[in-house]
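Structure first, commentary second.
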Amino acid sequence: MGRVLVLGSLNVDLVARVERLPGPGETVSAIAPIQRLAGGKGGNQALAAASAGARVVMIGAVGDDEPGRAYTVRLSGRGVFPRLAIAFGVPTGTAYVWVDETGENSIVVAPGANAHARAEVADLTPEDVLLCQLEVPVDVVAQAVRTAARLGARVVLNAAPYAALPDDVLAIADPLVVNEHEAGLLADSGAVPRSLLVTFGAAGASWDGERVDGIPVPADEVRDSTGAGDAFCGTLAARLAAGDDRRAALAWAVRAGADAVRREGAQVDPAL
Ligand code: RIB
């Protein structure tokens, strides 16, 4: 069974629950005290992979500050080995998250220390999976993806938030994971990945035409969609590292995504 090496972001999520998301130029009031939660697509995916049974290394960067130290302790305490750079004089990444009463969200990210993440993946083996997203610099992700390919490791690349990727990176990712919105941007760009996995939220997911239905969650049980895609990606990578075939790994991932919308925050027990 291989490991999952996650290269990505670690954020403090400052979460305001609102009745409805504000429109442009609009001010709305929070309906509950602001919460400080652990987030960032990298951290979320690392912890999801660990929950799915993988041995996980988290590669990223935090500030020399209290949230950075708290997050490092959090990872270690949950079975994730932290391989984190300390960015002196730069704050740990912060995300400002609004969540409405239907569980829908809007997010603004201040990258902070995430801009200092490095592609420290030279210990990958052919049994391992490298899992990346795009909240750390694209050139760092590209470097890690190329190293993984050279060392024979599988790459799962979640193109979120969407950014253009070099052709050779698109030719390595197996799969490139996108949601419907990102799939539209990818199609508009004319880029053609080697392997494409599109998630459809409650309607499931499709990996190069291999379709797995969604798991319906009743509307009154949906608490928060933040991190549902991360639960999907982390679980997918964990199951692939465990040797599952595509269909089995996809089914596990769809279930993890459905479970995630039932809880508040982007991780299990997310208080930071
Ligand atoms: O995918 C959800 C994550 O996006 C949040 O935890 C937030 O930190 C942003 O990175």
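Residues of region 81-132 being among the acidic types (Asp, Glu) and either touching a His at 6+ places or on another chain (Cβ under 7 Å) or surrounded by fewer than 22 Cβ atoms within 10 Å (Cβ to Cβ) (or both), which ones?
If the condition is that a residue be among the acidic types (Asp, Glu) and either touching a His at 6+ places or on another chain (Cβ under 7 Å) or surrounded by fewer than 22 Cβ atoms within 10 Å (Cβ to Cβ) (or both), then Asp100, Glu101, Glu104, Glu120, Asp123, Glu127 are the ones that fit.
Could you list, in sequence order, the residues of region 185-218 that are at positive phi and in a helix (DSSP H, G or I)? It would help to see each step written out before you state the result.
Step one: filter region 185-218 for residues at positive phi, giving 190, 201, 204, 208-209.
Residue satisfying the conditions is Gly201 alone.
Give the number of residues within region 139-183 that are closer than 17 Å to Ala115 by Cα and among the acidic types (Asp, Glu).
1
Go through region 1-34 residue by residue and tally those that are small (Gly, Ala, Ser), part of a strand (DSSP E or B) and within 16 Å of the ligand (Cβ to nearest atom).
Of the residues in region 1-34, the ones small (Gly, Ala, Ser) are 2, 8-9, 16, 23, 25, 29-30, 32.
Still in the list and also part of a strand (DSSP E or B): 16, 30.
Filter once more, keeping what is within 16 Å of the ligand (Cβ to nearest atom): 16.
Count: 1.
Could you check region 148-170 and list, in sequence order, the residues that are part of a helix (DSSP H, G or I) and in contact with a Pro (Cβ under 8 Å, 6 or more places away or on another chain)?
Leu151, Leu170
Considering every residue within region 197-220, establish whether at least one is among the aromatic types (Phe, Trp, Tyr), surrounded by fewer than 19 Cβ atoms within 10 Å (Cβ to Cβ) and within 15 Å of the ligand (Cβ to nearest atom). If you could, list the steps in order and put the result at the bottom.
Pass one, region 197-220, residues among the aromatic types (Phe, Trp, Tyr): 200, 207.
Right, trim to surrounded by fewer than 19 Cβ atoms within 10 Å (Cβ to Cβ) and you get 200.
Retained after the next criterion (residues that are within 15 Å of the ligand (Cβ to nearest atom)): none.
Checked region 197-220: no residue is among the aromatic types (Phe, Trp, Tyr), surrounded by fewer than 19 Cβ atoms within 10 Å (Cβ to Cβ) and within 15 Å of the ligand (Cβ to nearest atom).
Out of the strands (runs of 3 or more DSSP E) lying entirely within region 35-147, which hold 2 or more residues that are away from the ligand (no atom under 15 Å from the Cβ) and touching a strand residue (DSSP E or B) at 6+ places or on another chain (Cβ under 9 Å)? Show your work before the answer.
Working: elements: 35-39, 55-63, 80-87, 93-99, 105-110, 129-132.
Hits in region 35-147: 55-63, 80-87, 129-132.
Being under 17 Å from the mean Cα position of the chain (by Cα), closer than 20 Å to Ala253 by Cβ and more than 16 Å from the ligand (Cβ to nearest atom) narrows it down to one residue among Leu176, Leu157, Leu236; which is it?
Leu176
Does region 219-251 hold any residues that are of a type in the set (Val, Ile, Thr) and outside any helix (DSSP H, G or I), and which are they? Spell out the reasoning first.
Residues of region 219-251 that are of a type in the set (Val, Ile, Thr), as a first pass: 222, 226, 235.
Val222, Thr226, listed by residue number.
Filter region 229-270 down to the residues that are over 15 Å from Val177 (Cα atoms), surrounded by fewer than 24 Cβ atoms within 10 Å (Cβ to Cβ) and touching a strand residue (DSSP E or B) at 6+ places or on another chain (Cβ under 6 Å) and list them by number.
Result: Gly265, Pro270.
No value in this document is a laboratory result; all are computed from the given coordinates. Bear in mind that the values here come from a model prediction, so they are computed numbers and not experimental data. Methodologically, a virtual Cβ is constructed for each residue, glycine included, from the backbone with ideal geometry; neighbour enumeration extends over all protein chains shown.
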